[in-house]
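Notes to accompany the following structure.
The values are calculated or read from the model by the stated rules, or taken from the named source; none is laboratory data. Keep in mind that what you see is a predicted model, and the values were worked out from it rather than measured. Every residue, glycine as well, gets a Cβ built from its backbone with ideal geometry; the counts of neighbours run over all protein chains shown. Each accessible area value is taken on the protein alone, full model and side chains, heavy atoms only, with ligands, DNA and RNA left out. Shrake-Rupley method; radii C 1.70, N 1.55, O 1.52, S 1.80 Å.
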Amino acid sequence: MLDTPLTRADLTTFFALEPKPASSHPPDPRRLARVLKALGISLRGGTTRWPVIWRALGLAEEQDPRHHKALTEPLLTARAVADLVGVADPSIVYRWEKGAVPKGAGPFPCAIDLSGGRKARGAKRWRKAEVRAWHMGEPQPRCAKPAPVFGAIRPGP
């Protein structure tokens, strides 16, 4: 599964870049190109692999195999998060993200910014496993993060 190359179609699905279901338009390839550029992902032969995606999203390339399913599930848009937790208005998800969560709820999972720092509201995505855990009041799943990189070793005098 992790050795299978991810195509542009796979990445479009993972990053939730498909057009709305009611739309008859095909996915815009420029949207995927913008996301890949913002995350610093280069395709080789039109494909990439999961460890490259994880590294671009701030995770370690090596992950516990028990977390692979959660890490490879398609990301959720605010609309999909609202549907998952049963609220009608997806704008509430952005308020939760800023800390205005319902009384008694823990902190809302951090969004994954696909805009490369442009702060585009529609470019935020969430991991399904994290949202589900938050909604059920369970501990957040823990994924391996890369080891911190300290300053370069400087040569002596």
Determine whether the stretch 33-53 contains at least one residue that is out of contact with any Phe, Trp or Tyr (no Cβ under 8 Å at 6 or more places or on another chain), in a loop (DSSP other than H, G, I, E, B) and modelled with pLDDT under 90. no
Checked against (1) on the phi > 0 side of the Ramachandran plot; (2) out of contact with any helix residue (DSSP H, G or I) (no Cβ under 9 Å at 6 or more places or on another chain); (3) modelled with pLDDT of 90 or more, G99 satisfies every condition except (3)
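Residues of the stretch 35-57 being surrounded by fewer than 14 Cβ atoms within 10 Å (Cβ to Cβ) and touching a residue at least 60 places away in the same chain (Cβ under 8 Å), which ones?
K37
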Please state which of the following conditions A80 fails to meet, knowing it meets all the rest: (1) modelled with pLDDT under 90; (2) closer than 29 Å to L32 by Cβ; (3) small (G, A, S). (1)
Going through the stretch 56-79 one residue at a time, which ones are of a type in the set (A, V, I, L, M, F, W, C) and within 13 Å of the chain's Cα centre (by Cα)? A56, L57, L59, A70, L71, L75, L76, A78
Which one is nearest to L76 (Cα to Cα) among residues in the stretch 3-18 that are open to solvent by 40 Å² or more (accessible area, probe 1.4 Å) and in a loop (DSSP other than H, G, I, E, B)? E18
